[in-house]
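A.B. asks: Quick one: the structure is below, and I'll ask about it shortly.
Throughout, read-outs are computed from the coordinates displayed, never taken from laboratory work. No experiment lies behind these values; they were computed from the predicted model shown. Every residue, glycine as well, gets a Cβ built from its backbone with ideal geometry; the counts of neighbours run over all protein chains shown.
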Amino acid sequence: MIFLKLILTNLRRHRIRTFISIAGIAFSVAAMLTVVTILQGAIGMFSGILSSDSEIIVFERNVSDLFFSNVPAVAVAEIGSWPIVAHADPVLFGIVSSADHPIITCFGVTAADARIRKATWVAGDRAKFAQHADDVVLGERAAEFMSATLGSQVQIGHAVFHVIGILKTANGFEDGGVFMPLSSAQSFFHKEGSSSVITIKLRNKDDAATFKSMIKAKYPNLIGLEDAEFNRSYSQFRILKATAWAVGGCGLLLGGLGVANTMIMSVFTRIREIAILRVNGFSNTQIAAMIFGESAVVSVLGAFAGLLIGTCFLFLLKLVPALHGYIDVAIQPVVLLIVVVLALLTGIAGALYPAVYAMRIRAVEALRFE
Amino acid sequence: MMITAQVSSKKRIVLRAENVWKSYDDGAIAVLKGVTFEVAEGQTIALCGPSGCGKSTLLHLFGGLDSPDRGRVSVNSVEINGQRNMLRLLRHEIGFVFQLHNLIPDLTLQENCLIPAVAAGTDRRTALMRLEQLAERTGLSHRLGQRIQKLSGGERQRTALCRALMNKPKILLADEPTGSLDERSSGAVFDLLLETVATEGVTLVMATHDRGLAARCDQVLEMHDGRIREPEFIG
């Protein structure tokens, strides 16, 4: 109890400094949580596009980005005919611009694609999809920002398309995207006869390993990955995740420097007190524990405040109309755990030098210190 | 020259300094110049002398807070060397009282007194029983929950005495324990100090400028220029 009071005493004495340190950690944690959650959400949405009613993704081996992947139509036809495959849907991804909107994701799909079959049609008739080359279906948010309604003509890139339907989907990329017939997309993006990926649904999920072996044997330049495998290994996802953690880590580093500064000041202003504790039998370990305890309190309070701020910020972002569908506020428990642990480690790291300094204080000299 | 208390030669020697030298600033300021003396168990010793003659330094060496450049310092026949020795000394064998009370202002009287018990890992119940005993003896029982700022100078020094005796040390090192008090409080605190060390059977070594108080100790050792002179008198 007294030990705890010794830890808290100094924090209470310098309330503003303590508050600033806690705020430093809190904003770092909030920044990390926000960046990581947004990027995890974006990755989740992108992988959600790929795994829509499918278990396996087939794409060109060793491509850095799926936009550069080319899967020949002949492969789509043959793979679709394999007995273990329920259906194989080719998807062509493309990025185009439209008036006032530099980036719109385009999906070249067939009428049989799950995105077309299973989406909620706000307007239009799904049976009419892919009957004409210049027909497109818009996601609800895309229709909103392009000010398009059913029957509108919309400028996409260098061409004008006719809107024959509007889809509602929870996925931000799809909701802000344009769906074209596969053949139109191939022509538009100059990728005749190929798609970016094939999404595969197997008749029996247990055949996944067999399917992957068959792909490897028959099409050595292609690779088949289960959804979870793809999420783990896709280089773009890994880069995004690493970037998110690096940005968050930098934030925490700044927070850690704040803690270090506070703890150094804390030790400097209580040199005499530390000497008194020494004279009364406190060991190096007890002195260090006191300093680490102080920084742990700052870190824990900062971490919880940061989680609160971060969560509120994510909810606010989700309310921004322009970001609708892009922000997934479902914070993963593992992210929470990592963020809190990192905040604690940062606090401990920030207290390392002050603790060593405190341990080296010589009572006999410090007692003369005014 | 070996200076030993003559009160009872049969008593065990608890503090011993043998040819102790100590200087600061890389030898520029020589504080102790070959001090040799012994203190027997239960004695009360006053170290007198002008400021800077080495009284406090000698106390610090006995308490393990500093180490000599040359010579040996031993407590209960064990030479003081290193951190482990120092911890054992400070936790169980030696108590310190300083001129300034050196209490932690944000803690209450009780919490300040319990610090040595926390350091030594004494269980709370035992520590509280011990504190109750000391507080009663020093007349602080009614002030246990008070913060230090609300205590008078005398009460603060009595609190420091309680804290020093918390872990039942057998040796009390007091550096000008009444130096910051007025004459009346000074006398009262010193009376209490002598009474308490007598009751607890504690050996007292005290640095002081106050010849009147020093005269009430068993022995007065006069220090001058880093050396101890012949005993002035033996009580």
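A.B. asks: Could you name the aspartates and glutamates whose alpha carbon sits less than 12 Å from that of A:LYS216, not counting residues in the same chain fewer than 8 places away?
C.D. replies: A:LYS216 reaches A:GLU60.
A.B. asks: In addition: Using 0.36 nm times the number of residues separating B:LEU100 and B:GLU183, minus their current alpha carbon distance, what extension gain do you get?
C.D. replies: 28.3 nm
A.B. asks: Still on this structure, I have one more. Taking H placed 1.01 Å from N in the peptide plane, check which residues at least 5 places from B:ALA46 or on another chain put their amide H under 5 Å from its amide H.
C.D. replies: B:MET206, B:GLN219, B:VAL220, B:LEU221
A.B. asks: Here is a follow-up. Determine how many Å³ per residue the convex hull of the Cα atoms of the stretch B:39-122 encloses.
C.D. replies: 142 Å³
A.B. asks: Just from its helices, what would the mean residue ellipticity at 222 nm be for chain B, if runs of 4 or more DSSP H residues each count -39500 (n - 2.57) and the sum is divided by every residue, rounded to the nearest 500 deg cm²/dmol?
C.D. replies: -10000 deg cm²/dmol
A.B. asks: Dipole magnitude of the protein assembly as shown about its Cα centre, charges +1 at Lys/Arg Cβ and -1 at Asp/Glu Cβ only, in debye to the nearest 20?
C.D. replies: The dipole magnitude comes to about 1400 debye.
A.B. asks: One quarter of the convex hull surface, Cα atoms only: what value does that give for the stretch B:155-230 in nm²?
C.D. replies: 5.4 nm²
A.B. asks: Shifting gears a bit: Mean projection of the alpha-carbon convex hull of the stretch B:87-235 over all orientations, in nm²?
C.D. replies: About 9.2 nm², averaged over all directions.
A.B. asks: Arranged by the count of other C-beta atoms within 10 angstrom, fewest first, what order do A:GLU294, B:GLU136, A:GLU226 take?
C.D. replies: Final ranking by Cβ density, sparse to dense: B:GLU136, A:GLU226, A:GLU294.
A.B. asks: Just to confirm my numbers, what's the Cα centroid distance between the stretch B:87-128 and the stretch A:340-370 in Å?
C.D. replies: Rounded to whole Å, the Cα centres lie 21 Å apart.
A.B. asks: Once R0 is set to 35 Å, what does the formula 1/(1 + (r/R0)^6) return for the Cβ-Cβ distance between A:ILE348 and A:PHE313, expressed as a FRET efficiency to the nearest 0.05?
C.D. replies: Step by step, r from the Cβ atoms, then E = 0.85.
A.B. asks: Do any of A:LYS205/A:LYS241; B:LYS22/B:LYS55; A:LYS118/A:LYS168; A:LYS218/A:LYS241; B:LYS55/B:LYS168 go past 21 Å between their Cα atoms, and which?
C.D. replies: Over 21 Å Cα-Cα: A:LYS205/A:LYS241; A:LYS218/A:LYS241; B:LYS55/B:LYS168.
A.B. asks: May I pose another question? Whole-Hz Karplus ³J(HN,Hα) for the stretch A:55-65, in order, using 6.51 cos²θ - 1.76 cosθ + 1.60 and θ = phi - 60°, x for Gly and Pro?
C.D. replies: The phi angles translate into 10, 10, 10, 10, 8, 6, 5, 6, 8, 7, 8 Hz.
A.B. asks: Explain nothing, just the number: dipole magnitude of the stretch A:31-150 about its Cα centre with +1 on each Lys and Arg Cβ and -1 on each Asp and Glu Cβ, in debye rounded to the nearest 20.
C.D. replies: 160 debye
A.B. asks: Considering only C-alpha atoms, what is the centroid distance from the stretch A:210-244 to the stretch A:122-181, in Å?
C.D. replies: Each part's Cα centre sits 30 Å from the other's.
A.B. asks: Now a separate question. Restricting attention to the stretch A:35-128, which GluC sites (Glu not before Pro) occupy a DSSP loop and are surrounded by at most 10 other Cβ atoms within 10 Å?
C.D. replies: none
A.B. asks: Can you give the three extents of the C-alpha atoms in chain A along their principal axes, from longest to shortest, in whole Å?
C.D. replies: Over chain A, Cα extents along the principal axes are 91, 48, 31 Å.
A.B. asks: Still on this structure, please answer the following. Can you give the average number of partner chain beta-carbon atoms within 10 Å of each beta-carbon in peptide B:117-126, as a whole number?
C.D. replies: 3
A.B. asks: What is the Cα centroid distance between the stretch A:3-31 and the stretch B:208-231, reported in whole angstrom?
C.D. replies: 49 Å
A.B. asks: Filter the GluC sites (Glu not before Pro) in the stretch B:173-235 down to the DSSP loop ones having no more than 14 other Cβ atoms within 10 Å, then list what survives.
C.D. replies: For GluC sites (Glu not before Pro) across the stretch B:173-235 that sit outside H, G, I, E and B with at most 14 neighbouring Cβ atoms in 10 Å, the list reads B:GLU232.
A.B. asks: Still on this structure, please answer the following. With a 10 Å Cβ neighbour count serving as the proxy for reagent exposure, in which order, fewest first, do B:ARG158, A:ARG61, A:ARG272 appear?
C.D. replies: A:ARG61, A:ARG272, B:ARG158
A.B. asks: Shielding of A:280-292 by partners, i.e. mean partner chain Cβ atoms within 10 Å per residue?
C.D. replies: Partner Cβ neighbours, averaged per residue: 5.
A.B. asks: Under a crude label model (7 Å from the Cα following the beta-carbon direction), how far is B:ASP69 from B:ALA30 in nanometres?
C.D. replies: Those two pseudo-labels are separated by 0.8 nm.
A.B. asks: Per DSSP helix of 4 or more residues, -39500 (n - 2.57); summed, then divided by the residues of chain A. What does that give at 222 nm, rounded to the nearest 500?
C.D. replies: When only DSSP H runs of four or more count, the value is -18500 deg cm²/dmol.
A.B. asks: Something else now. Counting only other residues whose beta carbon sits under 10 Å from that of A:ARG117, what net charge do I get with K and R as +1, D and E as -1?
C.D. replies: My count for the surroundings of A:ARG117 gives 0.
A.B. asks: Sort A:HIS14, B:HIS224 so that the residue with the fewest other Cβ atoms within 10 Å of its own Cβ comes first and the one with the most comes last.
C.D. replies: Lowest count first: B:HIS224, A:HIS14.
A.B. asks: Relative contact order of chain A: what whole-number percent is it, with Cα pairs under 8 angstrom and at least 6 residues apart?
C.D. replies: Value for chain A: 29 percent.
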